[in-house]
Each structure stands twice: as structure tokens, then as C-alpha cells.
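Take a look at the structure set out below.
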Amino acid sequence: MRFKNKLVEVIVTFFYIGYLPAAPGTFASIAGIFLFLLVKSSPAIYFSLVLLLAVLGVALGKSAERLFHKKDPGAVVIDEVLGMLLALALLPCYSVKVILMAFILFRAMDTIKPYPGYLVQSAKAGWGIVADDLVAAFYTNMILQAVLRWAALSCR
């Protein structure tokens with residue numbers, strides 16, 4: 001049982017990033033950017049990683065809440081990594097400016113929790129942990145899609 005708990009802890013804190021003393025969600029989002037940069041050239045790996053993180057986040061959510069004795073514990077940051085990956089998905093172009101915009105928008109959306117983000121975070125266990133970040137990622141991605149496509153923002 002100790003090994004299982006340790007494995008859950010490592011996964012949901014995304015290799016202990018969730019234990020950073022200040023802004024662990026922000027650092028987990030940065031980790032999501034690094035993962036994105038590592039796998040963006042392979043759509044199969046990219047979307048397999050997104051699916052894996054989503055499944056792990058939802059499946060291990062209840063165990064994480066038991067482990068930390070709290071609903072949606074702050075140390076659980078796998079959802080921010082997943083959200084950042086989804087915020088960057090299928091954009092028409094990428095540059096440092098675009099990635100920085102995605103990061104800032106995603107962190108803002110994750111903090112503000114626009115509808116239905118604040119509602120879905122009350123879902124049971126893993127869904128409650130992951131769903132609000134999926135909403136934040138969706139809004140971020142849609143805003144960036146619009147800006148990059150219709151406002152013709154340069155990717156340079």
C-alpha cells in the first residue's frame with residue numbers, strides 16, 4: 001500500500017512540483033510548456049500524453065484526496081500540466097509570444113474559473129480536480145485560435 005500511495009503522490013504532484021512553496025500550479029503549467037516543446041512535433045505522442053494525463057488525473061483524483069485528506073488538494077498539479085498542454089493544442093502557429101500568451105491566459109482562466117469552470121470543480125474526486133482546468137484550457141485555446149486566425153497576429 002505504501003508503494004501505491006507513493007506512486008499516486010509522484011504522479012498527481014507531477015514529480016513533486018506540487019510541493020513547491022509558492023505557486024505550484026504556475027510551475028506545473030511551465031512544466032506543461034516544456035512537455036509541449038518536447039512532444040509537439042509528434043501529434044501521436046502529444047495526444048497520447050494528453051490522454052494519459054487526463055486518465056491519470058481523473059483516475060487518481062479520489063486516491064489523491066484520500067492521501068492529502070482534502071478535496072482538490074493544492075499539491076495536486078497534474079491538472080495544470082494537462083491544461084497547459086490542451087491550451088496549446090492545434091494552434092495555427094507557435095512562437096515564444098504565442099506560448100507566453102497561452103501561459104498567461106491559461107493561468108488567468110484557471111484562477112478566474114469562468115462558467116462553467118467554477119461549477120465543474122465541485123464534481124466528484126478526479127473529475128472535480130481536472131474539469132475546471134479543462135474549461136480553462138478550452139477558453140484559452142479558443143481565444144488564441146480567434147486571435148491567431150482572425151486578428152492575424154504574427155507568430156514571429
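The values are calculated or read from the model by the stated rules, or taken from the named source; none is laboratory data. On a predicted model such as this, the values are computed, not experimentally measured, just so you know. Using ideal geometry, Cβ is built from the backbone for each residue, glycine included, and neighbour counts are taken over all protein chains shown. Surface accessibility is based on the protein's heavy atoms, side chains included, excluding ligands, DNA and RNA. Shrake-Rupley method; radii C 1.70, N 1.55, O 1.52, S 1.80 Å.
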Can you find a residue in the range 91-98 that is open to solvent by 20 Å² or more (accessible area, probe 1.4 Å) and part of a helix (DSSP H, G or I)?
yes
Could you list all residues from the range 27-42 that are over 21 Å from Tyr16 (Cα atoms) and open to solvent by less than 40 Å² (accessible area, probe 1.4 Å)?
Val39, Ser42
Selection within the range 1-20 - modelled with pLDDT of 95 or more, open to solvent by 40 Å² or more (accessible area, probe 1.4 Å) and part of a loop (DSSP other than H, G, I, E, B)
Phe15, Tyr16, Leu20
Yes or no: the range 131-143 includes at least one residue that is under 21 Å from Leu52 (Cβ atoms), among the aromatic types (Phe, Trp, Tyr) and open to solvent by less than 30 Å² (accessible area, probe 1.4 Å).
no
Could you check the range 105-126 and list, in sequence order, the residues that are open to solvent by 30 Å² or more (accessible area, probe 1.4 Å) and under 13 Å from the mean Cα position of the chain (by Cα)?
Leu105, Arg107, Ala108, Met109, Thr111
Restrict the check to the range 108-121 and report whether at least one residue is under 28 Å from Val8 (Cα atoms), touching a residue at least 60 places away in the same chain (Cβ under 8 Å) and of a type in the set (D, E, K, R).
yes
Where residues in the range 63-82 are farther than 27 Å from Phe47 by Cβ and part of a helix (DSSP H, G or I), which of them is most open to solvent (accessible area, probe 1.4 Å)?
Arg66
